[in-house]
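Student: Here it is, the structure in full.
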Amino acid sequence: MFRILGIDHLVLRSADVDALRRFYVDVLGCSVEREQTDLGLTQLRAGNALIDLVSLDGPLGRAGGAGPGAEGRNLDHFCVRIDPFDAAALRAWLAQHGVQTGEVEQRFGAEGKGLSLYVQDPDGNVVELKGPPTPVTAQ
């Protein structure tokens, strides 16, 4: 048998890979892991996982059908664990980059309940930025 250790990668198809790349690298702090321009694929390092960006006009993108849009969304949201989670500093950083944020709330995730907020990338994909679990206090 096997057990799941975490998210390995996720794939986002886009008509504007450059805009997504700037968002994930310049705003969220990912790094470019590798590029395969012959496939229309850019792979970004996000901690111990990858975010693959696939150009709709490349071989992989054309094979996947219609691109993202209000009626063709194939992803509700994905969550990346961040550290530290300083809500004020995070909101200020995102605002500097023209990124609107949702409310900071306690939400449940892989490590338990902790603070998080939602943002949207340039293609409208929702990204949850999640901090560490909130310590449970004795009652």
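The numbers here are math on the coordinates, done by the rules we state, and not lab data. Quick caveat, the model's predicted, so the values are computed rather than measured. Here the Cβ is made from the backbone with ideal geometry for all residues, glycine too, and neighbour counts use every protein chain on show.
Student: Listing ARG13, ARG81, ARG21, ARG34 from the residue with the fewest other Cβ atoms within 10 Å to the one with the most, what is the order?
Tutor: Taking fewest neighbouring Cβ atoms as first place, the list is ARG34, ARG21, ARG81, ARG13.
Student: Measuring from centroid to centroid over Cα atoms, what is the spacing of the range 12-75 and the range 119-133 in Å?
Tutor: With the range 12-75 and the range 119-133 each reduced to a Cα centre, they are spaced 15 Å.
Student: If you project the alpha carbons of the range 73-139 onto the principal axes, what extent comes out on each, in Å, largest first?
Tutor: Cα extents, longest axis first: 44, 29, 17 Å.
Student: Points 7 angstrom from Cα along the Cβ direction at THR137 and PHE78: gap in nanometres?
Tutor: About 3.6 nm, to one decimal.
Student: Looking only at LEU41, LEU50, LEU60, which one moves most when the chain is put into a Gaussian network model with springs between Cα atoms under 10 Å?
Tutor: In this elastic network of the chain, the residue with the biggest mean-square fluctuation among LEU41, LEU50, LEU60 is LEU60.
Student: Continuing with this model, one more query. What residues qualify as long-range amide H neighbours of HIS9, i.e. H under 5 Å apart, gap of 5 or more or another chain, H built at 1.01 Å from N?
Tutor: Here the answer is LEU50, since their amide H atoms fall under 5 Å of that of HIS9.
Student: To the nearest 10 degrees, how steeply does helix 87-96 sit against the main Cα axis of the chain, on a 0 to 90 scale?
Tutor: It works out to around 30 degrees.
Student: What is the gain in length, in nm to one decimal, between ASP16 and ARG62 on full extension, counting 0.36 nm per residue of separation less the C-alpha to C-alpha distance?
Tutor: Working it through step by step, the gained length comes to 15.2 nm.
Student: Please name which of VAL127, PHE108, ILE7 has its Cα lying farthest along the dipole of the chain towards the positive end, using unit charges on Cβ (Lys, Arg +1; Asp, Glu -1) and the Cα centre as origin.
Tutor: PHE108
Student: Size of the dipole of the range 5-139 about the Cα centre, Lys and Arg at +1 and Asp and Glu at -1 on the beta carbon, nothing else charged, in debye to 20? Provide the component values of the computation, followed by the final result.
Tutor: Values: 12 positive and 19 negative charges, 44 e Å.
Dipole of the range 5-139, to the nearest 20 debye: 220 debye.
Student: Percent of Cα-Cα pairs per 10 Å bin, from 0 to the last occupied bin, for the range 48-110, please list those.
Tutor: Taking all Cα pairs of the range 48-110, the binned fractions are 14, 34, 33, 18, 0 percent.
Student: Each residue of the range 113-129 in order: what ³J(HN,Hα) in whole Hz does its phi give by Karplus 6.51 cos²θ - 1.76 cosθ + 1.60, θ = phi - 60°, with x for Gly and Pro?
Tutor: Using θ = phi - 60°, the values come out as 6, x, 6, 7, 8, 10, 9, 10, 7, x, 8, x, 5, 8, 10, 8, 9 Hz.
Student: How far is it, in nm, from the label point at ASP26 to the one at ALA110 when both lie 7 Å from their Cα along the line to the Cβ?
Tutor: 2.9 nm
Student: Okay, next question. On alpha-carbon atoms, Rg over Rh for the chain using Kirkwood Rh?
Tutor: Radius of gyration over Kirkwood radius for the chain works out to 1.00.
Student: What are the ³J(HN,Hα) values, in whole Hz, obtained from phi via the Karplus relation 6.51 cos²θ - 1.76 cosθ + 1.60 with θ = phi - 60°, for each residue of the range 20-25 in sequence order, with x given for Gly and Pro?
Tutor: Per-residue couplings from phi come out as 5, 4, 4, 4, 6, 8 Hz.
Student: Which ordering of TYR118, TYR24 is given by a fewest-first count of other beta-carbon atoms within 10 Å?
Tutor: TYR118, TYR24
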